[in-house]
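Each remark here refers to the structure printed beneath this line.
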Amino acid sequence: MKNRLKVLRAERDWTQARLANELEVSRQTINAIEKGKFDPSLPLAFKAARLFGLSIEEIFQDGAG
Amino acid sequence: MKKQTSATGQWEASTAKNGTRVLIWALAWVLTTALAAFGPKAFWDFHTGLTILGVLINVGVGFGMIFATKRHLQALDEMHQKIFRDAAVLSLGVGLVCASSYELLEDIQLITFQPEISHVMILMCLTFLVGMIAGHRKYR
């Protein structure tokens, strides 16, 4: 699954650690999500969407399509 | 924002604290296992009451370790929960299959010694460790 977390984070000049703190996950998890190695759960995706004030679809895209 | 950062700092501290708690329970379990195994001969000359007490303490501490591990697992974030679960499934599967075959080896006289449960436990611990390392490498 592709996502725009890295871009959104860069726009706010946030570090991975800062985003990890905001989403209450580890920095390693943010890194894995940004690299597309780990797909977040729906609750975590909603949390990220709320944090950035966007819809889930604006952050996460289905990589299969 | 400051309030949230403080809350997440608490979350990280809580995760670390849970990990330390598991370590302490695991250490206590190893010690009480040693006490239950060697205590009857070394300390109380096979006194039945003390031997039963030693075993009960060992089992009790074992359950404490299980609950501490469960709390630790629940406090981890979802990726680390997945890594832990995958490693645990691998360890359980390898342990089950190898324990069965290991026991069979004696029955069919391919080995001459008595299979020991401790060998299976060591194998399961090592498999879990390998699973955890592989999981962390996978998501690095």
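The values are calculated or read from the model by the stated rules, or taken from the named source; none is laboratory data. Treat the numbers as computed from the prediction; the structure is a model and nothing was measured. For neighbour counting, all protein chains shown are included, and Cβ atoms are generated from backbone atoms with ideal geometry for every residue, glycine included. Surface areas here come from the heavy atoms of the whole protein model, side chains and all, with no ligands, DNA or RNA. Shrake-Rupley method; radii C 1.70, N 1.55, O 1.52, S 1.80 Å.
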List, by residue number, every residue in the stretch A:21-48 with a reduction of 50 Å² or greater in accessible area between the chain on its own and the complete protein assembly, 1.4 Å probe.
A:ASN21, A:GLU22, A:GLU24, A:LYS37, A:PHE38
With a 1.4 Å probe and all protein chains left in place, how much of the accessible area of chain A comes from carbon and sulfur atoms, in whole percent?
51
Computed Rg/Rh for the stretch B:1-76 (Cα atoms; Rh = Kirkwood radius) stands at 1.27
Mean accessible area per residue over the stretch B:42-140 (1.4 angstrom probe, all protein chains present, square angstrom) is 68
How much of the accessible area of the stretch B:43-140, in percent, comes from carbon and sulfur atoms when a 1.4 Å probe is used?
72
What is the mean number of Cβ atoms from other protein chains located within 10 Å of the Cβ atom of each residue in peptide B:73-84, rounded to a whole number?
4
Solvent-accessible area per residue for chain A at a 1.4 Å probe radius, Å²?
55
Limiting things to C-alpha atoms, what are the Rg and the maximum Cα-Cα separation (Dmax) for chain A, in angstroms?
10.6, 31
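Pop the C-beta distance of B:ILE57 and B:ILE24 into the FRET formula with R0 = 22 Å and round what comes out to the nearest 0.05.
0.90
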Enumerate lysine pairs in the protein assembly as shown that are 8 or more residues apart or on different chains, then count those whose Cα atoms are under 16 Å apart.
11
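Remind me, relative contact order of the stretch B:1-76 in percent, using alpha carbon pairs under 8 angstrom and six or more residues apart? Write down the numbers at each step before the final one.
On the way: 44 pairs, mean separation 33.7, N = 76.
Computed over the stretch B:1-76, the figure is 44 percent.
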For chain B, what is the relative contact order in percent, using Cα pairs closer than 8 Å and at least 6 residues apart in sequence?
23
For chain A, what does the relative contact order come out to in percent, with C-alpha contacts under 8 Å and a separation of six or more?
44
